[in-house]
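The values are calculated or read from the model by the stated rules, or taken from the named source; none is laboratory data. Since we're looking at a predicted model, the values are computed, not measured. Cβ placement follows ideal geometry from the backbone for every residue including glycine, while neighbour counts extend to all protein chains displayed.
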């Protein structure tokens, strides 16, 4: 190919690009280092963003677990209170039945005493 001086204003790339002067080589090397550093920082930022997403997901799941545990605790407490109320009602009915039976026995004993008194007189 023909050796053509590189003209930055030229619309197409030349077929031959001469060796870059030292200043441009250093600048290109520096730019490549900057690009590598920017890529490294971008990757770090992406990793940090992923860690944050993971942490937020853990917190969301933890909150769901706490909410579920609280709901289970409340359901258990409600069931316990319902059982206590049921037991209380059963005990009340048993006490009423005992009082009714005791009253019936007392009335039967009173009736028997009255009958015995009536027989004596």
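Looking at 92, 74, 113, 41 in this structure, which one is part of a helix (DSSP H, G or I), free of Cβ contacts under 8 Å to residues at least 12 places away in the same chain and more than 54 Å from the chain's Cα centre (by Cα)? From the options 92, 74, 113, 41, the qualifying one is 113. Here the condition is being part of a helix (DSSP H, G or I), modelled with pLDDT under 95 and surrounded by 10 or more Cβ atoms within 10 Å (Cβ to Cβ); of 99, 51, 60, it holds for 60 alone.
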